[in-house]
Amino acid sequence: MTIQQTKLPQLSADEIARVRQPLAQAYTLPPTAYTDPEVYEREVALIMRKSWLPLARVDQVAKPGDYISLDLFGQPVMVVHGKDGEIRTMSRVCLHRAAPLTEDGAGHRNLFTCPYHAWSYDTAGELVRTPLMEGADGFDEMSATEKGCRLPQIRTEIWNGFIMANLDDDADPFAPQVAGFTKFFDKFNLDDLVVVKTLDFPSNWNWKVLVENFMEAYHHIATHATTFGPVFPASDSNVPDNDGAVASELEGGPWSILHMPTNEEAPEAADTAEASDSSLGGDLYANVIFPHFLLGIQGSGTAWYQILPESHDRLMLKIHFCLPRHLAEEDKDGAHAEATAEMLTIIHNEDIEANDQVWRGLNAPLTKQGRLSPLEKSIWQMNQWWLDKMTDAEA
Ligand code: FES
Ligand SMILES: [Fe+2]
(Lines give C-alpha, C1' and ligand atoms only; values in the text may rest on other atoms or scores of the structure.)
(Ligands and ions follow the chains in the order given, each with its own letter.)
Protein backbone atom coordinates (compact mmCIF):
# COMPACT_ATOMS: atom_id res chain seq x y z
CA MET A 1 0.00 0.00 0.00
CA THR A 2 1.51 3.32 -1.04
CA ILE A 3 0.69 6.23 1.16
CA GLN A 4 0.99 9.57 -0.54
CA GLN A 5 1.51 11.45 2.68
CA THR A 6 3.67 14.10 1.09
CA LYS A 7 0.61 15.38 -0.71
CA LEU A 8 -1.29 16.10 2.50
CA PRO A 9 1.26 18.24 4.30
CA GLN A 10 -0.90 19.07 7.31
CA LEU A 11 -0.83 15.42 8.47
CA SER A 12 2.36 13.55 9.30
CA ALA A 13 3.23 10.19 7.71
CA ASP A 14 2.80 8.51 11.10
CA GLU A 15 -0.61 10.07 11.64
CA ILE A 16 -1.79 8.88 8.23
CA ALA A 17 -0.38 5.40 8.82
CA ARG A 18 -2.36 5.11 12.09
CA VAL A 19 -5.60 5.99 10.28
CA ARG A 20 -4.76 3.49 7.52
CA GLN A 21 -4.48 0.54 9.93
CA PRO A 22 -7.14 -2.19 9.76
CA LEU A 23 -10.09 -1.31 11.99
CA ALA A 24 -8.87 -3.36 14.97
CA GLN A 25 -5.70 -1.28 15.14
CA ALA A 26 -6.94 1.99 13.68
CA TYR A 27 -6.83 5.49 15.10
CA THR A 28 -9.00 8.55 14.52
CA LEU A 29 -7.95 11.36 12.23
CA PRO A 30 -5.56 13.74 14.01
CA PRO A 31 -6.96 17.00 15.47
CA THR A 32 -5.48 19.10 12.63
CA ALA A 33 -7.79 17.31 10.19
CA TYR A 34 -10.63 19.13 11.95
CA THR A 35 -9.09 22.36 13.21
CA ASP A 36 -6.69 23.50 10.47
CA PRO A 37 -8.30 25.97 8.02
CA GLU A 38 -5.86 24.80 5.32
CA VAL A 39 -7.16 21.24 5.60
CA TYR A 40 -10.66 22.62 5.14
CA GLU A 41 -9.56 24.55 2.03
CA ARG A 42 -8.14 21.33 0.66
CA GLU A 43 -11.40 19.52 1.45
CA VAL A 44 -13.35 22.18 -0.43
CA ALA A 45 -11.06 21.81 -3.46
CA LEU A 46 -10.69 18.02 -3.50
CA ILE A 47 -13.93 16.81 -1.93
CA MET A 48 -16.74 19.37 -1.73
CA ARG A 49 -16.35 20.83 -5.22
CA LYS A 50 -16.05 17.35 -6.73
CA SER A 51 -18.77 15.43 -4.88
CA TRP A 52 -22.47 14.99 -5.41
CA LEU A 53 -24.27 16.91 -2.68
CA PRO A 54 -27.99 16.92 -1.84
CA LEU A 55 -29.47 20.40 -2.23
CA ALA A 56 -33.20 19.83 -1.85
CA ARG A 57 -36.05 17.37 -2.17
CA VAL A 58 -38.17 17.55 -5.31
CA ASP A 59 -41.21 18.13 -3.11
CA GLN A 60 -39.56 21.31 -1.80
CA VAL A 61 -39.72 22.76 -5.33
CA ALA A 62 -42.94 21.06 -6.33
CA LYS A 63 -44.36 23.68 -8.74
CA PRO A 64 -42.86 25.43 -11.79
CA GLY A 65 -41.29 28.65 -10.50
CA ASP A 66 -40.43 27.20 -7.07
CA TYR A 67 -36.80 27.62 -6.13
CA ILE A 68 -34.33 27.11 -3.28
CA SER A 69 -31.19 29.24 -3.01
CA LEU A 70 -28.08 28.34 -1.10
CA ASP A 71 -24.34 28.77 -1.06
CA LEU A 72 -22.35 25.83 -2.37
CA PHE A 73 -18.81 26.36 -1.11
CA GLY A 74 -18.52 29.93 -2.33
CA GLN A 75 -20.79 29.49 -5.33
CA PRO A 76 -24.26 30.99 -4.84
CA VAL A 77 -26.64 28.53 -6.53
CA MET A 78 -30.34 28.03 -6.93
CA VAL A 79 -32.38 24.93 -7.64
CA VAL A 80 -35.26 25.95 -9.88
CA HIS A 81 -38.30 24.04 -11.08
CA GLY A 82 -38.52 25.40 -14.64
CA LYS A 83 -41.68 26.32 -16.52
CA ASP A 84 -40.80 23.45 -18.84
CA GLY A 85 -40.99 21.02 -15.92
CA GLU A 86 -37.26 20.43 -15.65
CA ILE A 87 -35.46 20.88 -12.33
CA ARG A 88 -32.11 22.64 -12.75
CA THR A 89 -29.31 23.84 -10.53
CA MET A 90 -27.61 27.02 -11.71
CA SER A 91 -25.40 29.85 -10.60
CA ARG A 92 -27.46 32.74 -9.25
CA VAL A 93 -24.78 35.33 -9.85
CA CYS A 94 -25.93 37.99 -12.30
CA LEU A 95 -24.14 38.04 -15.69
CA HIS A 96 -23.85 41.85 -15.53
CA ARG A 97 -21.82 42.84 -12.47
CA ALA A 98 -22.08 39.75 -10.35
CA ALA A 99 -24.80 40.60 -7.84
CA PRO A 100 -26.56 37.49 -6.50
CA LEU A 101 -30.10 37.37 -7.85
CA THR A 102 -31.78 35.97 -4.75
CA GLU A 103 -31.28 35.73 -1.02
CA ASP A 104 -30.61 32.32 0.57
CA GLY A 105 -33.86 30.45 1.13
CA ALA A 106 -36.94 29.24 -0.71
CA GLY A 107 -39.46 31.10 -2.86
CA HIS A 108 -41.50 31.21 -6.02
CA ARG A 109 -40.82 33.40 -9.08
CA ASN A 110 -41.66 33.52 -12.76
CA LEU A 111 -38.70 35.80 -13.43
CA PHE A 112 -35.48 36.29 -11.49
CA THR A 113 -34.86 40.03 -11.59
CA CYS A 114 -31.51 41.22 -10.34
CA PRO A 115 -31.83 43.64 -7.41
CA TYR A 116 -28.91 45.74 -8.72
CA HIS A 117 -29.84 46.89 -12.28
CA ALA A 118 -32.93 44.78 -12.95
CA TRP A 119 -31.64 42.34 -15.56
CA SER A 120 -34.10 39.44 -15.60
CA TYR A 121 -33.74 35.72 -16.14
CA ASP A 122 -36.41 33.11 -16.79
CA THR A 123 -36.80 29.87 -14.86
CA ALA A 124 -34.30 28.10 -17.17
CA GLY A 125 -31.69 30.77 -16.41
CA GLU A 126 -31.95 32.53 -19.81
CA LEU A 127 -31.39 36.28 -19.78
CA VAL A 128 -34.64 37.78 -21.07
CA ARG A 129 -34.60 41.45 -20.08
CA THR A 130 -31.79 44.02 -19.94
CA PRO A 131 -33.06 47.57 -19.39
CA LEU A 132 -31.23 50.66 -20.77
CA MET A 133 -28.55 48.75 -22.64
CA GLU A 134 -29.08 50.64 -25.94
CA GLY A 135 -25.71 51.78 -27.22
CA ALA A 136 -23.78 48.77 -25.90
CA ASP A 137 -22.42 47.54 -29.22
CA GLY A 138 -23.76 44.20 -30.32
CA PHE A 139 -25.44 43.56 -27.01
CA ASP A 140 -29.01 43.74 -28.22
CA GLU A 141 -28.39 41.16 -30.90
CA MET A 142 -26.71 38.96 -28.36
CA SER A 143 -29.56 39.10 -25.92
CA ALA A 144 -32.05 38.71 -28.75
CA THR A 145 -30.52 35.43 -29.78
CA GLU A 146 -30.06 34.61 -26.10
CA LYS A 147 -26.85 32.84 -27.03
CA GLY A 148 -24.28 32.78 -24.30
CA CYS A 149 -26.69 34.66 -22.05
CA ARG A 150 -27.59 31.97 -19.65
CA LEU A 151 -26.72 31.54 -16.01
CA PRO A 152 -24.04 28.82 -15.75
CA GLN A 153 -25.73 25.45 -15.28
CA ILE A 154 -24.57 22.99 -12.63
CA ARG A 155 -24.79 19.23 -13.06
CA THR A 156 -27.92 17.90 -11.43
CA GLU A 157 -29.30 14.42 -10.84
CA ILE A 158 -32.48 13.36 -9.10
CA TRP A 159 -31.89 10.34 -6.87
CA ASN A 160 -34.77 8.94 -4.82
CA GLY A 161 -36.39 12.38 -4.82
CA PHE A 162 -33.22 14.15 -3.68
CA ILE A 163 -31.89 16.86 -5.99
CA MET A 164 -28.17 16.17 -6.16
CA ALA A 165 -25.70 18.63 -7.68
CA ASN A 166 -22.00 18.52 -8.47
CA LEU A 167 -19.79 21.54 -9.22
CA ASP A 168 -17.41 19.30 -11.18
CA ASP A 169 -18.43 18.93 -14.82
CA ASP A 170 -16.23 15.84 -15.13
CA ALA A 171 -17.59 13.95 -12.12
CA ASP A 172 -18.92 10.44 -12.68
CA PRO A 173 -22.73 10.17 -12.50
CA PHE A 174 -24.09 9.74 -8.97
CA ALA A 175 -26.59 6.86 -9.23
CA PRO A 176 -24.12 4.15 -10.36
CA GLN A 177 -21.78 5.07 -7.49
CA VAL A 178 -24.48 4.37 -4.91
CA ALA A 179 -26.18 1.40 -6.60
CA GLY A 180 -25.47 -0.88 -3.61
CA PHE A 181 -26.82 1.68 -1.16
CA THR A 182 -29.93 2.24 -3.30
CA LYS A 183 -30.60 -1.50 -3.36
CA PHE A 184 -30.14 -1.82 0.41
CA PHE A 185 -32.89 0.75 1.06
CA ASP A 186 -35.12 -0.12 -1.89
CA LYS A 187 -38.08 -1.27 0.21
CA PHE A 188 -38.12 2.01 2.14
CA ASN A 189 -39.38 3.86 -0.94
CA LEU A 190 -37.33 6.98 -0.32
CA ASP A 191 -38.61 8.31 -3.62
CA ASP A 192 -42.05 8.87 -2.13
CA LEU A 193 -40.95 11.04 0.83
CA VAL A 194 -42.01 14.63 1.42
CA VAL A 195 -40.46 17.06 3.89
CA VAL A 196 -42.98 17.80 6.65
CA LYS A 197 -40.81 19.76 9.07
CA THR A 198 -37.37 21.39 9.05
CA LEU A 199 -35.31 22.34 12.09
CA ASP A 200 -32.30 24.69 11.77
CA PHE A 201 -29.20 24.29 13.95
CA PRO A 202 -26.32 26.70 13.32
CA SER A 203 -23.31 24.89 14.80
CA ASN A 204 -19.74 25.86 15.63
CA TRP A 205 -17.80 22.69 14.85
CA ASN A 206 -15.96 21.15 11.95
CA TRP A 207 -18.41 19.26 9.72
CA LYS A 208 -16.71 15.90 10.39
CA VAL A 209 -17.47 16.19 14.12
CA LEU A 210 -21.16 16.10 13.27
CA VAL A 211 -20.84 13.35 10.65
CA GLU A 212 -18.89 11.09 13.02
CA ASN A 213 -21.38 11.68 15.82
CA PHE A 214 -24.20 10.70 13.43
CA MET A 215 -22.56 7.54 12.11
CA GLU A 216 -21.81 5.55 15.27
CA ALA A 217 -23.99 4.20 18.09
CA TYR A 218 -21.11 3.66 20.53
CA HIS A 219 -21.95 6.98 22.21
CA HIS A 220 -25.45 5.74 23.04
CA ILE A 221 -23.99 4.24 26.22
CA ALA A 222 -23.18 7.67 27.64
CA THR A 223 -24.51 10.61 25.60
CA HIS A 224 -27.96 9.04 25.12
CA ALA A 225 -27.89 6.79 28.20
CA THR A 226 -31.54 7.44 29.10
CA THR A 227 -32.99 8.18 25.66
CA PHE A 228 -31.67 6.26 22.64
CA GLY A 229 -29.37 4.02 24.68
CA PRO A 230 -31.91 1.55 26.07
CA VAL A 231 -33.83 1.28 22.77
CA PHE A 232 -30.86 1.10 20.42
CA PRO A 233 -28.07 -0.43 22.51
CA ALA A 234 -24.56 0.45 21.39
CA SER A 235 -23.42 -3.16 21.62
CA ASP A 236 -26.11 -4.38 19.17
CA SER A 237 -25.18 -1.89 16.47
CA ASN A 238 -23.41 -3.10 13.37
CA VAL A 239 -21.99 -1.70 10.15
CA PRO A 240 -22.07 -3.82 6.99
CA ASP A 241 -19.09 -3.71 4.68
CA ASN A 242 -19.46 -1.20 1.91
CA ASP A 243 -17.42 -3.63 -0.17
CA GLY A 244 -14.36 -1.60 0.59
CA ALA A 245 -11.70 -3.52 2.42
CA VAL A 246 -8.66 -1.46 3.15
CA ALA A 247 -7.51 2.00 2.32
CA SER A 248 -6.42 2.59 -1.23
CA GLU A 249 -7.83 -0.75 -2.30
CA LEU A 250 -11.22 0.74 -1.51
CA GLU A 251 -13.44 -0.18 -4.38
CA GLY A 252 -16.69 -0.13 -2.53
CA GLY A 253 -19.33 2.47 -2.27
CA PRO A 254 -18.75 5.91 -0.85
CA TRP A 255 -21.08 5.35 2.08
CA SER A 256 -21.56 3.81 5.49
CA ILE A 257 -24.66 2.14 6.93
CA LEU A 258 -25.08 1.96 10.70
CA HIS A 259 -27.74 -0.60 11.60
CA MET A 260 -29.25 -0.25 15.08
CA PRO A 261 -31.61 -3.12 15.95
CA THR A 262 -34.42 -2.16 18.32
CA ASN A 263 -34.35 -3.61 21.81
CA GLU A 264 -38.04 -4.54 21.98
CA GLU A 265 -37.82 -5.15 25.71
CA ALA A 266 -36.90 -1.57 26.53
CA PRO A 267 -39.92 0.32 27.88
CA GLU A 268 -38.81 3.31 25.80
CA ALA A 269 -39.16 1.22 22.61
CA ALA A 270 -42.86 2.09 22.46
CA ASP A 271 -42.00 5.77 22.03
CA THR A 272 -40.12 5.12 18.84
CA ALA A 273 -42.64 2.63 17.48
CA GLU A 274 -44.85 5.44 16.26
CA ALA A 275 -42.40 6.32 13.53
CA SER A 276 -42.11 2.76 12.35
CA ASP A 277 -44.13 0.67 9.97
CA SER A 278 -44.66 -3.02 10.66
CA SER A 279 -43.68 -4.06 7.16
CA LEU A 280 -40.39 -2.22 7.49
CA GLY A 281 -39.53 -3.05 11.10
CA GLY A 282 -38.52 -0.66 13.85
CA ASP A 283 -34.75 -0.83 13.44
CA LEU A 284 -32.95 2.45 12.98
CA TYR A 285 -30.39 3.06 10.25
CA ALA A 286 -28.04 6.03 10.34
CA ASN A 287 -26.45 6.33 6.94
CA VAL A 288 -23.89 8.61 5.40
CA ILE A 289 -23.15 8.96 1.72
CA PHE A 290 -19.75 10.61 1.79
CA PRO A 291 -18.89 13.29 2.41
CA HIS A 292 -21.93 14.52 4.31
CA PHE A 293 -25.29 13.29 3.02
CA LEU A 294 -26.84 12.03 6.28
CA LEU A 295 -30.02 9.94 6.29
CA GLY A 296 -31.61 8.53 9.43
CA ILE A 297 -34.19 5.92 8.42
CA GLN A 298 -36.63 4.15 10.71
CA GLY A 299 -39.72 2.48 9.33
CA SER A 300 -41.54 5.04 7.27
CA GLY A 301 -39.95 8.06 8.95
CA THR A 302 -36.76 9.51 7.51
CA ALA A 303 -34.67 12.37 8.85
CA TRP A 304 -32.39 14.03 6.33
CA TYR A 305 -29.61 15.89 8.11
CA GLN A 306 -28.51 18.47 5.53
CA ILE A 307 -25.09 19.85 6.40
CA LEU A 308 -23.98 23.12 4.86
CA PRO A 309 -20.35 23.67 5.95
CA GLU A 310 -19.40 27.36 6.07
CA SER A 311 -15.80 27.18 7.26
CA HIS A 312 -13.52 24.75 9.10
CA ASP A 313 -15.31 25.59 12.37
CA ARG A 314 -18.86 26.45 11.36
CA LEU A 315 -21.81 24.83 9.61
CA MET A 316 -25.54 25.08 9.26
CA LEU A 317 -27.45 21.89 9.97
CA LYS A 318 -30.97 21.56 8.65
CA ILE A 319 -32.81 18.49 9.92
CA HIS A 320 -35.60 17.74 7.46
CA PHE A 321 -38.13 15.26 8.79
CA CYS A 322 -39.76 13.36 5.92
CA LEU A 323 -42.79 11.08 5.66
CA PRO A 324 -44.26 9.06 2.80
CA ARG A 325 -46.71 11.25 0.90
CA HIS A 326 -49.85 9.44 2.09
CA LEU A 327 -48.81 9.72 5.77
CA ALA A 328 -47.91 13.38 5.32
CA GLU A 329 -51.37 13.99 3.88
CA GLU A 330 -53.01 12.11 6.77
CA ASP A 331 -51.05 14.23 9.25
CA LYS A 332 -53.09 17.31 8.39
CA ASP A 333 -52.68 19.08 11.71
CA GLY A 334 -48.97 18.25 11.72
CA ALA A 335 -49.19 16.43 15.07
CA HIS A 336 -47.04 13.52 13.92
CA ALA A 337 -44.44 15.88 12.44
CA GLU A 338 -44.40 17.95 15.64
CA ALA A 339 -44.03 14.92 17.91
CA THR A 340 -41.15 13.59 15.84
CA ALA A 341 -39.48 17.00 15.68
CA GLU A 342 -39.69 17.17 19.47
CA MET A 343 -38.10 13.73 19.83
CA LEU A 344 -35.36 14.56 17.33
CA THR A 345 -34.65 17.82 19.15
CA ILE A 346 -34.20 16.05 22.49
CA ILE A 347 -31.75 13.61 20.94
CA HIS A 348 -29.96 16.28 18.94
CA ASN A 349 -29.58 18.52 21.98
CA GLU A 350 -27.73 15.66 23.66
CA ASP A 351 -25.52 15.38 20.57
CA ILE A 352 -24.91 19.15 20.50
CA GLU A 353 -23.53 18.97 24.01
CA ALA A 354 -21.25 16.06 23.07
CA ASN A 355 -20.07 17.79 19.89
CA ASP A 356 -19.39 21.05 21.76
CA GLN A 357 -17.16 19.16 24.17
CA VAL A 358 -15.38 17.25 21.41
CA TRP A 359 -14.73 20.49 19.55
CA ARG A 360 -13.21 22.01 22.66
CA GLY A 361 -11.02 18.95 23.11
CA LEU A 362 -9.91 18.83 19.47
CA ASN A 363 -8.63 22.40 19.80
CA ALA A 364 -6.53 21.66 22.89
CA PRO A 365 -2.77 21.57 22.30
CA LEU A 366 -2.12 18.19 23.94
CA THR A 367 -4.81 16.33 22.02
CA LYS A 368 -3.66 13.50 19.74
CA GLN A 369 -5.26 10.72 17.71
CA GLY A 370 -7.35 8.25 19.73
CA ARG A 371 -8.03 4.54 19.14
CA LEU A 372 -11.27 3.62 17.40
CA SER A 373 -13.68 1.09 18.85
CA PRO A 374 -14.74 -1.74 16.49
CA LEU A 375 -18.21 -0.22 16.97
CA GLU A 376 -16.92 2.82 15.05
CA LYS A 377 -16.39 0.97 11.80
CA SER A 378 -18.31 3.62 9.86
CA ILE A 379 -15.83 6.29 10.99
CA TRP A 380 -13.03 4.03 9.82
CA GLN A 381 -14.79 3.57 6.46
CA MET A 382 -15.12 7.31 5.99
CA ASN A 383 -11.55 7.99 7.07
CA GLN A 384 -10.23 5.66 4.37
CA TRP A 385 -12.36 7.41 1.76
CA TRP A 386 -11.31 10.83 3.09
CA LEU A 387 -7.62 9.98 2.88
CA ASP A 388 -8.04 8.57 -0.61
CA LYS A 389 -9.58 11.88 -1.73
CA MET A 390 -7.24 14.14 0.22
CA THR A 391 -4.08 12.43 -0.99
CA ASP A 392 -5.27 11.75 -4.49
CA ALA A 393 -4.16 14.90 -6.25
CA GLU A 394 -2.18 18.05 -5.81
CA ALA A 395 -4.40 20.74 -4.31
S1 FES B 1 -25.52 43.21 -11.41
FE2 FES B 1 -27.36 42.32 -12.01
S3 FES B 1 -28.24 43.78 -13.31
FE4 FES B 1 -26.36 44.68 -12.72
FE1 LIG C 1 -26.22 10.86 19.00
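For Lys83, the lysines whose Cα falls under 27 Å of its own Cα, not counting residues fewer than eight places away in the same chain, are Lys63, Lys147, Lys197. Rounded to the nearest 20 debye, the dipole magnitude of the chain is 740 debye, with +1 charges on Lys and Arg beta carbons, -1 on Asp and Glu beta carbons, and the Cα centre as origin. How would the chain be classified by its alpha-carbon gyration tensor: rounded, prolate or oblate, with rounded meaning a/c under 1.5 and the a/b versus b/c comparison settling the rest? It is oblate, given that a/c is not under 1.5 and a/b is not larger than b/c. Ranking Gln60, Ala33, Leu23 by Cα position along the charge dipole of the range 1-116, where only Lys, Arg, Asp and Glu carry charges on their C-beta atoms, puts Gln60 farthest toward the positive end.
Taking all protein chains as shown and a probe of 1.4 angstrom, Leu372 keeps an accessible surface of around 10 Å².
Per residue, the accessible area of the range 179-390 comes to 43 Å², computed with a 1.4 Å probe over protein heavy atoms only. For the range 34-84, the solvent-accessible area with a 1.4 angstrom probe is 33 square angstrom per residue.
For the range 53-155, just say rounded, prolate or oblate: build the C-alpha gyration tensor, square-root its eigenvalues into a ≥ b ≥ c, call rounded for a/c under 1.5, and beyond that prolate if a/b exceeds b/c, oblate if not. Because a/c hits 1.5 or more and a/b exceeds b/c, the range 53-155 counts as prolate.
For the chain, the carbon plus sulfur part of the accessible surface works out to 50%, probe radius 1.4 Å. Sites listed here are trypsin sites (Lys or Arg not before Pro) in the range 70-163 whose DSSP assignment is loop and whose Cβ has at most 15 other Cβ atoms within 10 Å: Lys83, Arg97, Lys147.
Set the bar at 20 Å for Cα to Cα. Now go through Lys183/Lys318; Lys50/Lys389; Lys318/Lys368; Lys50/Lys187; Lys187/Lys377 and name every pair that lies beyond it. Those over the limit are Lys183/Lys318; Lys318/Lys368; Lys50/Lys187; Lys187/Lys377. Counted residue by residue at 0.36 nm each, then reduced by the alpha carbon distance between them, the extension gain from Glu86 to Thr226 reaches 45.7 nm.
Applying a 4.7 Å Cβ-Cβ cutoff to the chain, the cysteines left without a disulfide-compatible partner are Cys149, Cys322. Accessible area per residue was computed with a 1.4 Å probe on protein heavy atoms; Met382 scores about 0 Å². Placing a label point 7 Å from the Cα of Asp104 along the Cα-to-Cβ line, the residues of the range 313-337 whose backbone N sits under 19 Å from it are 313-321. Counting only protein heavy atoms and using a 1.4 Å probe, the accessible area of Arg49 comes to about 110 Å².
The values are calculated or read from the model by the stated rules, or taken from the named source; none is laboratory data. Worth saying up front: this structure is predicted, and the values here are computed from it rather than measured. Please note: Cβ atoms are built from the backbone with ideal geometry, for glycine as well, and neighbour counts cover all protein chains shown. Areas reflect the complete protein model, heavy atoms only, side chains present, ligands, DNA and RNA absent. Shrake-Rupley method; radii C 1.70, N 1.55, O 1.52, S 1.80 Å.
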